[in-house]
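The values are calculated or read from the model by the stated rules, or taken from the named source; none is laboratory data. Quick caveat: nothing in here was measured; it's all calculated off a predicted structure. Note that each Cβ is placed from the backbone with ideal geometry, even for glycine, and that neighbours are counted across all protein chains shown.
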Amino acid sequence: MGNWRMAVDYVVVGAGSSGAVIASRLSEDPKVSVTLIEAGGRDWSPMIHVPAGSGELIRKGSFGWKYNTQGEPGLDMRSLFWPRGKVLGGSSSINGQVYVRGHPSDFDIWAQRGNRGWSFDEVLHYFKKSEGHLERDDDLHGLTGPLKITRGSMPNPLFEAFVRAGEQAGFSGTDDFNGPQQEGFGRFDFTSANGRRQSTAEAFLRPARKRPNLRVVTDAHVTGVEIENGRAVGVIARTRGKAQRFEAAREVILAAGVIGSPHLLLLSGIGPAEQLRAHGVTVAADLPGVGRNLQDHVQIPFMYGCSQPITLHQLIRLDRAALGMLQAMMLKSGPFSQFPVQGGAFTRSRPELEVPDTQWHFGIGLGVRRVRLPFARRAGPLDRDGYMLAPCLLRPESRGTIALASSDPQDNPLIHANYLSEDNDRAFFRRTFRQARALALQPAFDPYREVELLPGPDVQTEDEVDDFVRQNLSTCHHQVGTCKMGPEPDAVVDDRLRVKGVGGLRVADASIMPTIVGGNTNAAAIMIGEKAADLTKAG
C-alpha cells in the first residue's frame, strides 16, 4: 500500500452536492489545506451541462454508481435503478435541477427532535448563502451566492394549462415554492442559468480550483477510513489500480452520499457490531443506526396523448434533436436549454393535514427513451405527442436499509428500500390516484387531452389501483437518512455532524437527515454542505 500523502488539514470524501461545497468553503482560508477525493471523473460531457440532458444521464446511469435495490416485496419484487452521481458535482451533475428547499416545518421538526441549530430560521442563512438567484429579490432568497438559480420559463401552453387545472380542481396557485407559501400550483425554480446546469462542481469547485491549498483528486475510490486510537486519521483510496493513503491532520469529512457514506462507515468498522463481525470487519464503533432510516420519495405516472404537436415528441426526431443539442451547446438557448419538467405543485391529499404531503411533477413529454429517424414508424403507444403528471409521496413512513454485501469495497452494498411496506403509504397512492385523474379531467386540459395512456381506462377498482401502483411506482431519486443526525440511540452523528464514538470524523450530506424534507432534496444537501463547513471551522 502506498505511503501517506503529505498531511492536509481536512480530507473530504465525495465531490457531490455537499462535499464540493464543504471543500470550497474550507479552502477559502488560505491557511487551511484541503484534499477533496472523488470516485468519478471530471464533468466533461456536454450532456451534463445542457439542462435537458438529465433524463438521458439518469436513465443510462452515465456518470453514476448504477446501484440497484434488492427485489422489493411491495413492488412485486421489482428492483429499482438508483444511478447516484459519480462525477464532480455528484448527483447535482445528473439531476433534474429542480430547486426546492422543503417545507419550513421540516427543519423545525429536526430541531424539535433535539438537533440544535437546525430549525428553519437557523438554516435559512445557509440556503441564502449559497443562492445567487437571478430573478427573485426578497428576504427569503440570496442574491450573491455562487449557485445561480432561475425560474422555469420554457414557453409552452401546457404548463399554463396545468396551473389552471389545479385552480379549477380547488387548489391555490403559488409564485414561489421557496417563498412564504409552498402550497399550490406553479413553476419550479432551477439550478440552471444562461442555458447551463449549475452543479456544485460548476458553482463552487470551478472558482476554487485555482487555490493552491485545495487539491481535487478524481477517479479515486475511497475504500475505508483509517482509525487510530479511536480517531480518524485519513482514508485509503484506490487510484489507478493502487491503494493510496491520504492523511488528515484535523478531520475526515464523509460526503459520499446516502449510500456511499454508510457503506464507507461499515467498511471501516463503524456500524452494527453484529453485521460487521458477520463480514469479518473489526469493530471500531458499535453504531446500530448506520445504514438504517433510509427514506425516499416515490411517484406514479399518469400519461395522456396530446392533440396538438407542442410536446417534446416533436424534438426527438434525430435531425431535430441534433439541431436542438447544438443550439443548446453553442448558443445556450432553445428547448434543450431548460429541463422539461417545469410544472409543479404541493398539495395535501387529506384536508386535515397541516402541511403538503404531495408533490406533483408535470412534464411535456412521455419519456420516450430514444430518438427516432425521420419517417420512422412509431416505436409503441408512447411514441407520440403527450404529457405526463405524477403525484409523489413527500412524507413516506416506510423505512429501508443499506447493509454490507461483503467486506470487499468493490461490492455494492445491499439496498432494501422497503417501498410501500407501511399501510399509510399505500393509502396515500389510492387517494392521489383519484386526485390525479380528477386533475387531468379539468377543463383547462380540454384543448389538449386525448386518450389516457397510463394507467388506462381499465384501471378502476381499488385492487386494480393497488396493482398498478406496485407495478409502476418509481423513485424520485431523493434518498436520504442512512446516517441519521440526532440525540437518539440509533443516531449516527450529533447535531454538529460528528460521528458518535469516533474522533475527527464527520458525515455531511443527505444521509444525515433525520426525516426527509418535503421537496426535492438537492437544495437541502447543498445547505448541509454550507452549514457543515461552518461547523467544521468552529471545531
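What to note about this one:
- Of all residues in segment 378-394, exactly one satisfies the criterion of being of a type outside the set (G, A, S) and either out of contact with any strand residue (DSSP E or B) (no Cβ under 9 Å at 6 or more places or on another chain) or free of Cβ contacts under 8 Å to residues at least 40 places away in the same chain (or both), namely R378.
- Test: residue in segment 495-514 that is surrounded by fewer than 24 Cβ atoms within 10 Å (Cβ to Cβ), closer than 30 Å to R78 by Cα, in contact with a Lys or Arg (Cβ under 8 Å, 6 or more places away or on another chain) and at pLDDT 95 or above: yes
- Sub-8 Å Cβ pairs linking a first residue in segment 415-437 that is within 22 Å of T401 (Cβ to Cβ) to a second residue that is modelled with pLDDT under 95 and outside any helix (DSSP H, G or I), at least 6 apart or interchain, number zero.
Conditions tested, residue by residue: (1) within 13 Å of the chain's Cα centre (by Cα); (2) modelled with pLDDT under 95; (3) β-branched (V, I, T); (4) surrounded by fewer than 22 Cβ atoms within 10 Å (Cβ to Cβ).
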residue	(1), (2), (3), (4)
P51	no, yes, no, no
G61	no, yes, no, yes
G71	no, no, no, yes
G85	yes, no, no, no
N95	yes, no, no, no
I109	no, no, yes, yes
G114	no, no, no, yes
F120	no, no, no, yes
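- Within segment 395-437, if we keep just the residues that are touching a strand residue (DSSP E or B) at 6+ places or on another chain (Cβ under 9 Å) and of a type in the set (S, T, N, Q), the residue that is farthest from T482 (Cα to Cα) turns out to be Q435.
- R215 out of contact with any Asp or Glu (no Cβ under 9 Å at 6 or more places or on another chain), modelled with pLDDT of 95 or more and over 20 Å from V50 (Cβ atoms): yes
- A single member of T432, T536, T461 is surrounded by fewer than 22 Cβ atoms within 10 Å (Cβ to Cβ) and either touching a helix residue (DSSP H, G or I) at 6+ places or on another chain (Cβ under 6 Å) or of a type in the set (S, T, N, Q) (or both), and it is T461.
- Among the residues listed as V492, V465, V459, the single one being within 27 Å of the chain's Cα centre (by Cα) and at pLDDT 95 or above: V492
- R496 being of a type in the set (D, E, K, R), in contact with a strand residue (DSSP E or B) (Cβ under 9 Å, 6 or more places away or on another chain) and in a loop (DSSP other than H, G, I, E, B): yes
- Residue within segment 269-276 that is in contact (Cβ under 8 Å) with a residue 40 or more places away in the chain, acidic (D, E) and not in a loop (DSSP other than H, G, I, E, B) present: no
- Residue check for S62: closer than 27 Å to F190 by Cα, in contact (Cβ under 8 Å) with a residue 12 or more places away in the chain and either aromatic (F, W, Y) or part of a loop (DSSP other than H, G, I, E, B) (or both): yes
- Counting the residues of segment 65-114 that are assigned to a loop (DSSP other than H, G, I, E, B), farther than 28 Å from F346 by Cβ and out of contact with any Gly (no Cβ under 8 Å at 6 or more places or on another chain) gives 4.
- Residue in segment 160-183 that is of a type in the set (A, V, I, L, M), under 17 Å from V98 (Cβ atoms) and surrounded by 20 or more Cβ atoms within 10 Å (Cβ to Cβ) present: yes
- Of all the listed residues (A405, A390), the sole one being of a type in the set (G, A, S) and in contact with a helix residue (DSSP H, G or I) (Cβ under 9 Å, 6 or more places away or on another chain) is A390.
- Hits in segment 233-248 - residues which are touching a residue at least 60 places away in the same chain (Cβ under 8 Å) and among the small types (G, A, S): G234, A237, A243, A248
- Residue ID - nearest to L254 (Cα to Cα), chosen from residues in segment 24-59 that are in a loop (DSSP other than H, G, I, E, B) and among the aliphatic types (A, V, I, L, M): A39
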